[in-house]
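Everything on this sheet refers to the single structure shown next.
Each value in this text was obtained by applying a stated rule to the coordinates, not by laboratory testing. From a predicted model like this one, the values you see are computed outputs, not experimental measurements. Cβ coordinates were reconstructed from backbone atoms using ideal geometry, including for glycine residues, and neighbour counts include every protein chain displayed.
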Amino acid sequence: MSIQTILNRRFVFSIALVCASHGLAQESTSTPTATPSPYSAQTLTELKQLQQAALASDYAYRQVAHLSNNIGPRLTGSAQAQKAVEYVAAELKALGLEVQLEKVTVPHWVRGEETAALVEYPGMAEKTTQKIILTALGGSVATPASGLTAEVIVVRNFDELQSLGREKVAGKIVLFDYHFDKLMAVQGHGGEAYGEAVRYRGDGPSAAGKLGAVAALIRSVGGAEYRLPHTGQTNYAKDAPRIPAAAVTAEDADLLASLVPQGPVRMRLLLTPQQLPDAVSYNVIGDLKGSEHPEEVVIVSGHLDSWDLGTGAIDDGAGVAVSMQAANLIQQLHLRPKRTLRVVAWMNEENGLAGGKAYAEDHANDVANHFAAMETDGGAGHPLGINYSTKETKGLLEPVAKILQDSGAGILNFAEFAGGADLGPMTKLGVPGFSPIQDNRTYFHYHHTAADTLDKIVPRELAENAAVVAVTAYALANLEQPLPR
Ligand SMILES: [Zn+2]
């Protein structure tokens, strides 16, 4: 999940978990007999079959296990990203889907060395240094090859930086010590906590650069301890000098915030990332053709690229895996959707959104045939229900929510930007967006860190997500009427 995702979806995750165990669906099921059901009796039976099959299957888990353990980190432009494209294409073909690779031109940034140490600070023992744990932000420029050494200043937010002015900032390393709101996250509002803090990752380096800083550090955007740095893309402003940018761990941010008021603190910083020429990559598209309206498409998707520190299990191998599972289950049960089910594994969500943008451009003449689009990009935590982007859709989803309530996923939540970052360009054009509502209370502990690994996924919860995606997508593909848009 990227900055764009979060800024677009600040409220998607705002479901209070306290009301999660029993959804709203059961209260609203007494449809007057005069109103025709939006689903045929056969479709409703098939939805229940899909749900049960999803909960009993380990296919999605095997897919995310392969992506994260066998292929590994899949940063855009890397050999592993290419391998993942080939793997998913081959799997979808094996399921009997019509598979296309749609070309995407992507940025190719590679991480290099990243080390830092305090070389002067109050109380320092002679001839020692103190190690600082950090990681370069995606897109960061390098320091000089021999590193740079400068005094560190600490600000809590943009206002504090501005109040210091150029005189106190020029020549310094600026640390933005903005705290991720852990309380908000444990209350189920992790997305909003992330949205607040991630502004410093996106805009901090340019704000500091404009005032003459030589490098920018942020306090890692995430909820856990364990001294883990969290990477993620930074966005240099066109009118600002590009300065090296990294995230220090929360613990190292606390250390700096404690030492700096006591006296001068100087840091030696070495970052050697490289921005290589743009590369060619692909969105992987697999179609399961509809029986009645093959030209109309329901997308199920996740993003195939990941950050490079971990193995991209929760962000977002899980989203790709549950999307593949939707097609797998429909095939296994010998069902046939009325509209085409299109599985998409997006490329470059994390550092550019090139895949989502290219798709919207390439399919600009076909937007009207995009009936609905789903993306799963919030980890693999227990799903509570469905986010939907068009208010009038709620009534049409109620029979689906009633079925999903059996696995605790019966909540229907209106979220204007439901659907995910890759779908942003399509939902902006009016395509209704959907996503599972996911329990993200621990998601931001591991997000964009070396600890985004397979063990963070609970197989049962992944299967529950697959059930939500398969049931929702199949219901939309078989809906007896148009969706409001
Ligand atoms: Zn993601």
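Provide the FRET efficiency to the nearest 0.05 for the Ala90-Asp362 pair, computing r from the beta carbons and using R0 = 30 Å. The formula returns an efficiency of 0.85 here.
The distance separating the Cα centre of the range 58-112 from that of the range 461-485 comes to 24 Å. 3J(HN,Hα) couplings calculated from phi for the range 55-68 with the Karplus curve 6.51 cos²θ - 1.76 cosθ + 1.60 (θ = phi - 60°) are, in sequence order, 5, 8, 9, 9, 4, 4, 5, 5, 5, 5, 5, 5, 4, 8 Hz; Gly and Pro show x. Quick one: angle between helix 394-404 and the longest Cα principal axis of the chain, in degrees between 0 and 90, rounded to 10, please. The answer is roughly 90 degrees. Choose one of His189, Ala418, Gln481: the residue whose Cα lies farthest towards the positive end of the charge dipole of the chain (beta-carbon charges +1 Lys, Arg; -1 Asp, Glu; about the Cα centre). My answer, from the dipole projection, is His189. Under the combined filter of DSSP loop state and at most 13 neighbouring Cβ atoms within 10 Å, the range 206-312 retains these chymotrypsin sites (Phe, Trp or Tyr not before Pro): Tyr226. Amide H contacts under 5 Å for Glu296: Thr340, restricted to partners 5 or more places along the chain or on a different chain, H placed in the peptide plane at 1.01 Å from N.
With a Förster radius of 45 Å applied to the C-beta separation of Ala41 and Glu225, the computed FRET efficiency comes to 0.30.
In this simple spin-label approximation, Gln162 and Thr453 carry label points 7 Å from Cα along the Cα→Cβ vector, and these lie 4.3 nm apart.
The shape of the range 175-284 comes out oblate: with a ≥ b ≥ c from the C-alpha gyration tensor, a/c is at least 1.5 while a/b does not beat b/c.
Rounded to the nearest 10 degrees, the inclination of helix 459-477 to the longest alpha-carbon principal axis of the chain is 50 degrees. The alpha carbon radius of gyration of the range 40-128, expressed as a multiple of 2.2 N^0.38 Å, is 1.94. Computed packing ranks the peptides 256-269, 127-140 as 127-140, 256-269, most packed first, by mean other Cβ atoms within 10 Å.
Note on Gln49 and Asp254: the model spin-label points, each 7 Å out from Cα along the C-beta direction, lie 5.5 nm apart. The amide H of Glu120, built 1.01 Å from its N in the peptide plane, has Arg266 as neighbours under 5 Å, considering only residues 5 or more places off or on other chains.
Where in the range 237-273 is the amide nitrogen less than 11 Å from a point lying 7 Å along the Cα-to-Cβ axis of Thr149? Backbone N within reach: 266-269. Taking every DSSP beta bridge that has both ends in the chain, the antiparallel portion is near 55%. Residues of the range 181-201 falling in the label zone of Ala240, defined by backbone nitrogen less than 17 Å from a point 7 Å along Cα to beta-carbon, are 196-201.
For the range 275-339, the square roots of the Cα gyration tensor eigenvalues, ordered a ≥ b ≥ c, give a/c of at least 1.5 with a/b no greater than b/c, which places it in the oblate category. Computed extension gain for His334 through Ala117, at 0.36 nm per residue and net of the alpha carbon distance, reaches 72.1 nm. Here's the list of aspartates and glutamates a cross-link from Lys48 could span, going by alpha-carbon distance under 15 Å and ignoring same-chain residues fewer than 8 apart: Glu398, Asp406, Glu464. Amide H to amide H distances under 5 Å link Asp305 with Asn348, Glu349, where only residues 5 or more positions off or on other chains count and H is placed in the peptide plane.
Is the range 376-464 rounded, prolate or oblate when judged by the Cα gyration tensor, a ≥ b ≥ c being the square roots of its eigenvalues, rounded requiring a/c under 1.5 and prolate requiring a/b larger than b/c? Verdict is oblate for the range 376-464.
Once both axes come from the Cα atoms, what is the angle between helix 190-210 and the longest principal axis of the chain, in degrees from 0 to 90, rounded to 10? The answer is roughly 40 degrees. Note on the range 316-365: with charges restricted to the Cβ of Lys and Arg (+1) and Asp and Glu (-1), its dipole about the Cα centre is near 440 debye. Taking +1 at the Cβ of each Lys and Arg and -1 at the Cβ of each Asp and Glu, which of Leu55, Gln162, Gly290 sits farthest along the dipole of the chain towards its positive end, judged by Cα position relative to the Cα centre? Highest projection toward the positive end goes to Gln162. Note on Lys428: lysines with a C-alpha under 17 Å away, same-chain residues under 8 apart excluded, are Lys357, Lys391. Judged by the mean number of other Cβ atoms found within 10 Å, the most tightly packed of the peptides 101-110, 60-69 leads the ranking 60-69, 101-110. Rounded to the nearest 20 debye, the dipole size of the chain about its Cα centre is 420 debye, using +1 on the Cβ of Lys and Arg and -1 on the Cβ of Asp and Glu. May I ask you to derive the FRET efficiency for Lys289 and Arg460 from their Cβ-Cβ distance with R0 = 35 Å, giving the value to the nearest 0.05? The pair Lys289/Arg460 has a calculated efficiency of 0.65. Cross-link reach is defined here as a Cα-Cα straight distance under 23 Å, omitting same-chain residues fewer than 8 places apart; for Lys93 the lysines meeting it are Lys83, Lys103, Lys289, Lys338.
The separation of the range 209-227 from the range 267-282, counted between C-alpha centres, amounts to 18 Å. Largest first and in whole Å, the equivalent-ellipsoid semi-axes of the chain read 43, 22, 19, each the square root of five times a Cα gyration tensor eigenvalue.
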